[in-house]
Amino acid sequence: MHYIQLNNQTIIPQIGFGVFRMQDGKETYDAVRWALDAGYRHIDAAATYGNEKSVGKAIQDSGIPREEIFVTTKCWTDDIRSHHAKQALVDSLERLHLDYVDLYLLHWPVEGYQRAWEDIEDIYLHTKQIKAIGVSNFLERHLDSLDTKVKPAVNQIESNPYFVNQEQVAYTLQRGMDVELYSPLGGSKPGGSVQILANPVLQAIGEKYGKSPAQIVIRWHLQRGLIILPKSIHQKRIKANIDVFDFTLKGKEMAEIDALDKNHRTGHHPDDIQF
Ligand code: A2P
């Protein structure tokens, strides 16, 4: 596994395991156990995914020391709007059955994000409940307008070969933050990973290295220097998605994948959220 040092010196594994759209209960529990067995040490959760309890139970049952696993969760929009960020963290910790999270994010830049940021800064600065704080889905103007005592460690955004989103990546990095990517394979919606992973360019590169298109995409993101959160409910894929440290893409292959960009977003635009 490769690691990255965040701007507050916290160390984060470059590949995390995403649990978005996983059913609470057996589906999430099994997937997280398989991920931990396979060697993942970073789980990306969120209050709104509705499965923090299963994530927490899987972590607990794994027997892996808490400090060896990097756990992220996120403050949902309702709690940002209603100024309940502090309570939202307490509730997440209870569901996760943890004393602290490694990273706590504001999930979307909805009204109230400034106050929510001050609340999570306060927890970060005065308690041991959070090791790093950051944001998600923040556009340049949100990053510019955020008045901070503590610089956000990360901005978690969407990126995949059909939605490279390099501009948002670049302005996040320019601000001394790291970038985390959700839906790195294209996500599960129509037009997402199923279509992307069938792309002949990815297949041809995969054949050269004896790797699947998904492994090629994951390797491409790693070589972009970004933190990624691939998600699967299948044990074989969970294992395969971190078996990406024994080959290196050449500059020409990186450029071929960059060129697949269609500016096709599969998730929501931060200016167009109804939740
Ligand atoms: P599944 O959970 O059934 O394995 P993303 O990580 O971009 O959010 O994409 C997740 C989607 O990609 C899910 O639909 C997941 O399906 C699928 N997926 C994850 N890993 C692989 C893989 N190695 N090969 C093919 N599809 C994958």
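The values are calculated or read from the model by the stated rules, or taken from the named source; none is laboratory data. This structure is a prediction, so every number in the text was calculated from the model and none was measured. Cβ: placed from backbone, ideal geometry, glycine included. Neighbour counts: every protein chain shown. When the accessible area is computed, the model is the full protein with side chains, heavy atoms only, and any ligands, DNA or RNA have been set aside. Shrake-Rupley method; radii C 1.70, N 1.55, O 1.52, S 1.80 Å.
Some points to look at:
- Anisotropy class of the range 127-275 from Cα gyration tensor, a/c 1.5 cut: prolate
- Each Lys and Arg adds +1 at its Cβ and each Asp and Glu adds -1 at its Cβ; summed about the Cα centre, the chain shows a dipole of about 700 debye.
- Sorted largest first, the principal axis extents computed over the alpha-carbon atoms of the range 18-127 equal 39, 28, 19 Å.
- Estimated 222 nm signal from helices in the chain, with DSSP H stretches of n ≥ 4 weighted -39500 (n - 2.57), rounded to 500: -11000 deg cm²/dmol
- Whole-Hz Karplus values for the range 56-63 come out as x, 5, 4, 5, 4, 5, 5, x Hz, taken residue by residue from phi with 6.51 cos²θ - 1.76 cosθ + 1.60 and θ = phi - 60°; glycine and proline positions read x.
- Of all accessible heavy-atom area on the chain, the percent that carbon and sulfur account for (1.4 Å): 48
- Converting phi to 3J(HN,Hα) with the Karplus coefficients 6.51, -1.76 and 1.60 and the offset θ = phi - 60°, the range 243-250 yields 8, 9, 10, 10, 7, 9, 6, 7 Hz in sequence order, with x at every glycine or proline.
- For the range 209-219, 3J(HN,Hα) computed residue by residue from phi via the Karplus equation (6.51, -1.76, 1.60; θ = phi - 60°) reads 9, x, 10, 7, x, 4, 5, 5, 5, 5, 5 Hz, glycine and proline entered as x.
- Taking amide H as placed 1.01 Å from N in the peptide plane, Ile4 has its amide H under 5 Å from the amide H of Ile12, Gln14, each at least 5 places away in sequence or on another chain.
- When the Gaussian network model of the chain links Cα atoms closer than 10 Å, the mean-square fluctuations of Phe20, Phe247, Phe138 top out at Phe247.
- Charge context of Ile218, other residues only, Cβ under 12 angstrom, K/R +1, D/E -1: +4
- The length gained by stretching the chain between Asp243 and Ala255 to full extension, at 0.36 nm per residue less their Cα-Cα distance, is 2.1 nm.
- From most to least packed by mean Cβ count within 10 Å, the peptides 39-48, 218-227, 161-170 give 39-48, 218-227, 161-170.
- Listed peptides 190-196, 177-183 appear in the order 177-183, 190-196 once ranked by packing, highest mean of other Cβ atoms within 10 Å at the front.
- Probing with 1.4 Å while keeping every protein chain in the model, the per residue accessible area of the chain equals 44 Å².
- Sequence-distant lysines (8 or more away, or on other chains) whose Cα lies within less than 25 Å of Lys262: Lys189, Lys208, Lys211, Lys231, Lys250, Lys252
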